[in-house]
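Colleague: Okay, here's the structure, questions in a sec.
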Amino acid sequence: MKVLLVLLPLVLSAAIEKKDEFNFESLPAEPKPRFAMLDDVRILANGLLQLGHGLKDFVQKTKNQINEIFQKLNVFDKSFYDLSEQTNEIREKEEELKVKTSRLQENNDELKNLSNKIYFQIEHLVQDKAQLQDKIGRLEEKLNQITEGQPDGQNHKDITSLKLSNSSFHEGVKNSSASHSLDTHGSSYSNNSEEQTLKPNDQPRDCSDVYQQGEKMSGIYTIRPTNGTEFRVYCEMTPDAAWTVIQRRADGSLEFNQTWEDYRSGFGDLAGEFWLGLRNIYSLAQQADYILHIELQDWKYNTRFVEYLFTLGNQDTSYTLQVSQVLGNIPSALPEYTPLPFSTSDHHSQHLKCPSETSSGGWWKATCGGTNLNGKYTKPRSRAKSDKKRGQGLFWKPEKGRIYSLRSSKMMLYRTDLENFD
């Protein structure tokens with residue numbers, strides 16, 4: 001009985017639990033709400049607000065960065081503009097510098113030319129001084145000899161003569177020094193007084209004779225060609241030979257647009273620019289075989305030369321020249337084996353009639369124009385391409401090749417048959 005009383009509450013309790021379980025499961029599900037909860041809305045709104053603030057900050061930062069980029073672009077534009085202005089200024093200064101450099105180069109060339117001229121004049125004066133001292137020494141020796149070996153009256157006469165000779169020598173040296181000008185080859189030259197001491201039967205026939213008589217210094221000497229009259233020449237001496245100069249142009253100081261008679265007789269200063277004369281050149285050419293040496297210098301001081309064997313006719317042939325080149329480092333501008341009569345503005349051969357504007361100076365020509373070493377002296381700065389007188393300058397014009405504009409020219413003769421001259 002007691003057991004039954006104990007089990008009865010347990011059974012009732014289990015029945016109640018089972019009933020409760022059945023009723024819980026059989027309850028209908030709770031319907032879902034149609035609207036979000038307020039907390040969720042707040043959370044979403046807060047997130048959206050934060051996102052809005054973030055986007056606002058991002059936009060502001062982007063705007064600031066764009067402003068900085070625009071500022072930098074403005075700075076770059078200004079820098080580029082300033083650089084362009086500086087570049088233009090540099091270009092202008094560069095052009096000015098080129099002009100100044102060109103002027104300085106011209107001035108440098110003129111100073112170089114003047115320096116060379118002064119150098120050679122000084123060298124010549126030193127040589128004149130040495131010659132003067134030597135001459136005075138010889139005069140003193142001769143004076144002592146006369147004083148010791150002659151009667152008193154004769155002594156006085158000879159002494160007076162020597163004094164006059166000495167005075168004349170001093171005056172000659174002075175005048176010679178004053179009249180010297182630049183030699184384009186750079187050789188020293190002087191009015192050599194030794195020509196006064198040569199005996200009549202020792203009269204040299206050309207500069208080769210002068211050299212063989214012991215004169216080794218370039219200068220002015222008196223010669224007498226075979227069957228000719230005496231005249232003065234400029235002899236250019238080298239260590240082993242002597243050249244007789246027949247033409248020299250150096251600076252345009254002498255007008256070469258002369259008449260036929262002037263070219264026949266010769267003109268100018270043997271110590272500067274001159275033309276020896278067709279008559280004198282013919283006298284030299286007839287007595288022996290000579291080489292014609294033509295030396296040319298351009299405006300950059302480059303030197304070239306050409307040498308010819310030649311024959312020269314007399315006055316009846318208008319001193320017609322025929323040449324054959326034997327040596328040179330520049331193309332020949334004289335047609336070989338072609339008769340070239342000498343022409344001036346007032347004297348032309350019968351077949352050659354040249355207008356006056358192309359016949360300045362005298363030269364050997366077969367046609368009008370072309371090479372003319374005796375034309376009007378024209379410097380490059382004053383010669384334009386359109387200048388109608390351009391052809392009157394010093395030009396060396398080969399048949400083929402370019403034209404050479406010249407600063408100076410020199411023509412010389414060298415005797416080739418030294419051993420068989422007589």
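Colleague: From the list N113, N46, N67, N74, which one is within 36 Å of the chain's Cα centre (by Cα) and in a helix (DSSP H, G or I)?
Modeller: N113
Colleague: Something else now. Pairs, please: C-beta under 6 Å, at least 6 apart or cross-chain, first residue on the phi > 0 side of the Ramachandran plot and in the stretch 393-409, second open to solvent by 20 Å² or more (accessible area, probe 1.4 Å)?
Modeller: From the stretch 393-409, the pairs are G401/P331.
Colleague: If I filter the stretch 78-100 for residues that are of a type outside the set (A, V, I, L, M, F, W, C), in a helix (DSSP H, G or I), open to solvent by 90 Å² or more (accessible area, probe 1.4 Å) and within 30 Å of D251 (Cβ to Cβ), do I get at least one hit?
Modeller: Scanning the stretch 78-100 turns up at least one residue that is of a type outside the set (A, V, I, L, M, F, W, C), in a helix (DSSP H, G or I), open to solvent by 90 Å² or more (accessible area, probe 1.4 Å) and within 30 Å of D251 (Cβ to Cβ).
Colleague: Here's another thing I want to ask about it. Would you check if T197 is over 19 Å from L125 (Cα atoms), over 36 Å from the mean Cα position of the chain (by Cα) and modelled with pLDDT of 90 or more?
Modeller: Answer is no for this residue.
Colleague: Here is a further query. Taking the stretch 213-228, which residues are of a type outside the set (K, R), more than 18 Å from L292 (Cβ to Cβ) and in contact (Cβ under 8 Å) with a residue 12 or more places away in the chain?
Modeller: Q213, E215, M217, S218, G219, I220, Y221, T222, T226, N227, G228 - these are the residues of the stretch 213-228 that are of a type outside the set (K, R), more than 18 Å from L292 (Cβ to Cβ) and in contact (Cβ under 8 Å) with a residue 12 or more places away in the chain.
Colleague: Let me ask something additional. Residues of the stretch 302-315 being outside any strand (DSSP E or B) and open to solvent by 60 Å² or more (accessible area, probe 1.4 Å), which ones?
Modeller: The answer is N302, Q315.
Colleague: Still on this model: Of everything in the stretch 267-292 that's under 34 Å from the mean Cα position of the chain (by Cα), surrounded by fewer than 21 Cβ atoms within 10 Å (Cβ to Cβ) and of a type outside the set (D, E, K, R), which residue is farthest from L111 (Cα to Cα)?
Modeller: Ranking the candidates gives I291 first.
Colleague: Is there a residue being at pLDDT 85 or above, open to solvent by 50 Å² or more (accessible area, probe 1.4 Å) and in contact with a strand residue (DSSP E or B) (Cβ under 9 Å, 6 or more places away or on another chain) anywhere in the stretch 387-401?
Modeller: yes
Colleague: I've got another one for you. Being modelled with pLDDT under 85 and open to solvent by 70 Å² or more (accessible area, probe 1.4 Å) narrows it down to one of V59, V75, V126, so name that one.
Modeller: Of the residues listed, the single one that is modelled with pLDDT under 85 and open to solvent by 70 Å² or more (accessible area, probe 1.4 Å) is V126.
Colleague: Scan the stretch 237-255 and give yes if some residue there is hydroxyl-bearing (S, T, Y) and closer than 19 Å to Y377 by Cα, otherwise no.
Modeller: yes
The values are calculated or read from the model by the stated rules, or taken from the named source; none is laboratory data. Values in this document were obtained by computation on a predicted structure and should not be read as measured data. Neighbour counts are summed over all protein chains in view; Cβ atoms, including those assigned to glycine, are modelled from backbone coordinates with ideal geometry. We work out accessible area using only protein heavy atoms, side chains counted, and drop any ligands, DNA or RNA first. Shrake-Rupley method; radii C 1.70, N 1.55, O 1.52, S 1.80 Å.
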